[in-house]
Amino acid sequence: QKEVEQDPGPLSVPEGAIVSLNCTYSNSAFQYFMWYRQYSRKGPELLMYTYSSGNKEDGRFTAQVDKSSKYISLFIRDSQPSDSATYLCALGKGGGADGLTFGKGTHLIIQP
Amino acid sequence: GAVVSQHPSRVICKSGTSVKIECRSLDFQATTMFWYRQFPKKSLMLMATSNEGSKATYEQGVEKDKFLINHASLTLSTLTVTSAHPEDSSFYICSARDLGTGDGYTFGSGTRLTVV
């Protein structure tokens, strides 16, 4: 079993829809949870960062963490064609001295 | 927010030569930087952790003599791919975290290496 599981998609939704992206993990040592957006041939861009169970909202994005179920989600409201990209969940164990473990990434397509 | 600059963005080299990739934290000091590798349509895999003033820590399966890491200052880490071969062709990305802000990890824009 991989440490982090993420459905690679592709996930195609119409413009304006609510998008739900998810990851599951198996190691309870993960304490930090991040979502990144990556466009083709570019470095990942940090979208959301959280370290506790519950919801965190930033504009159209909401990150949700359930440590008891080892399940994290990213919701995108009012999706736009410019949101089309690969979304990666990333999990960390330490306080800045450890690298991240990434999910495979979900390729999201927002249809105009 | 924190900015990480990576250079070059793209490089083509001949088999057997060495290539150096630079990673700089522009507005913060980073005692630790990370190097990742990404194959097409695959996720990022951590290669090594670069520590300022000390030896890098390599992940299992990563050849330390092939991928030389130097972290000479609090704002600069370099990755040198030595005696490059076509199988080393990949997308290399560095990352650092501004511990002063408590934000997540910031990534550079990546370097696409093609070995011919």
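Kindly report the accessible area of chain A per residue (heavy atoms of protein chains, probe 1.4 Å, no ligands, DNA or RNA), in Å². Write out the running numbers ahead of the final one.
On the way: 5300 Å² over 112 residues.
Per-residue value: 47 Å².
Once the convex hull of the C-alpha atoms of chain B is built, how many Å³ does it hold per residue, rounded to a whole number?
Working: hull volume 11.2 nm³, N = 116.
For chain B, the hull spanned by Cα atoms encloses 97 Å³ per residue.
What's the average, rounded to a whole number, of partner chain beta-carbon atoms within 10 Å of each residue's beta-carbon in B:97-105? Before the final figure, lay out each step's value.
Working: counts 8, 1, 3, 0, 0, 4, 3, 14, 11.
The mean count of partner-chain Cβ atoms within 10 Å per residue comes to 5.
Over all distinct alpha-carbon pairs, what is the Kirkwood Rh of the range A:8-112 in angstrom? Intermediate results must be reported in sequence, preceding the final value.
Working: mean 1/r = 0.0718 Å⁻¹.
Result for the range A:8-112 stands at 13.9 Å.
Within 10 Å of each Cβ of A:99-109, how many other protein chain Cβ atoms are there on average? It would help to have the intermediate numbers written out before the result.
Values: counts 15, 9, 4, 7, 2, 4, 5, 0, 1, 0, 0.
Partner-chain Cβ atoms within 10 Å, mean over residues of A:99-109: 4.
What pairs in A:K56/B:K20; A:K42/A:K93; A:K67/B:K20; A:K93/B:K66; A:K2/A:K56; A:K67/B:K55 have C-alpha atoms more than 31 Å from each other? The partial results should precede the final answer.
Numbers: A:K56/B:K20 39 Å; A:K42/A:K93 25 Å; A:K67/B:K20 40 Å; A:K93/B:K66 27 Å; A:K2/A:K56 26 Å; A:K67/B:K55 34 Å.
Pairs exceeding 31 Å: A:K56/B:K20; A:K67/B:K20; A:K67/B:K55.
Roughly how big is the protein assembly as shown's charge dipole about its Cα centre, with Cβ charges of +1 (Lys, Arg) and -1 (Asp, Glu), in debye to the nearest 20? Before the final figure, lay out the partial values.
Working: 23 positive and 21 negative charges, 97 e Å.
In debye, rounded to 20, the protein assembly as shown gives about 460.
Efficiency by 1/(1 + (r/R0)^6): what FRET value for A:I18 and A:S52, r their Cβ-Cβ distance, R0 = 30 Å, to the nearest 0.05?
On the way: r = 23 Å, r/R0 = 0.78.
It comes to 0.80.
Probe of 1.4 angstrom, ligands and nucleic acids ignored: what's the accessible area per residue over the range B:57-116, in square angstrom?
Values: 2590 Å² over 60 residues.
Per residue, the range B:57-116 has an accessible area of 43 Å².
Can you tell me, using C-alpha contacts under 8 Å and at least 6 residues apart, the relative contact order of chain A as a whole percent? Walk me through the numbers on the way to the answer.
Working: 270 pairs, mean separation 41.3, N = 112.
Here the relative contact order equals 37 percent.
Test of understanding: express the Cα radius of gyration of the protein assembly as shown as a ratio to 2.2 N^0.38 Å, with N the residue count. Show your work: numbers first, answer last.
Details: Rg = 17.6 Å, N = 228, 2.2 N^0.38 = 17.3 Å.
Against the empirical 2.2 N^0.38 Å value, I get 1.01 for the protein assembly as shown.
Carbon and sulfur: what percent of chain A's accessible surface (1.4 Å probe)? Numbers along the way, then the final one.
Values: 2540 of 5300 Å².
Carbon with sulfur: 48 percent of the solvent-accessible area.
Show me you know the interface measure: the accessible area buried between A and B, both chains summed, probe 1.4 Å, in Å² to the nearest 100.
Working: alone 6080 and 6550 Å², together 11080 Å².
The A and B chains share an interface burying roughly 1600 Å².
Using a Gaussian network for chain B with springs between C-alpha atoms less than 10 Å apart, which of these wobbles most: B:F39, B:F91, B:F67?
Ranking B:F39, B:F91, B:F67 by mean-square fluctuation puts B:F39 first.
Looking only at other chains, what is the average number of their beta-carbon atoms within 10 angstrom of each beta-carbon in A:31-38?
Details: counts 0, 3, 1, 3, 1, 4, 0, 6.
Across A:31-38, the average partner-chain Cβ count within 10 Å equals 2.
Enter the Cα centre distance for the pair the range B:9-64 and the range A:17-81, rounded to the nearest angstrom.
Rounded to whole Å, the Cα centres lie 25 Å apart.
How do the peptides A:77-84, B:107-114, B:96-103, B:43-50 rank, highest first, by the average count of neighbouring beta carbon atoms within 10 Å per residue? Intermediate values should be presented prior to the final figure.
Numbers: A:77-84: 14.0, B:107-114: 20.5, B:96-103: 16.9, B:43-50: 22.2.
Averaged packing, sorted descending, gives the order B:43-50, B:107-114, B:96-103, A:77-84.
Taking every DSSP beta bridge that has both residues in the protein assembly as shown, what percent is antiparallel when rounded to the nearest 5? Could you put the intermediate results ahead of the total?
Working: 72 of 80 bridges.
Once the DSSP bridges in the protein assembly as shown are tallied, antiparallel ones form about 90 percent.
Just to verify a number: FRET efficiency for A:R41 and B:S54, C-beta to C-beta distance, R0 = 35 Å, to 0.05?
Working: r = 33 Å, r/R0 = 0.93.
Between A:R41 and B:S54 the formula returns 0.60.
The values are calculated or read from the model by the stated rules, or taken from the named source; none is laboratory data. Not measured: the values here are computed from a predicted model. For neighbour counting, all protein chains shown are included, and Cβ atoms are generated from backbone atoms with ideal geometry for every residue, glycine included. Just the protein is used for accessible areas: all its heavy atoms, side chains included, with ligands, DNA and RNA removed. Shrake-Rupley method; radii C 1.70, N 1.55, O 1.52, S 1.80 Å.
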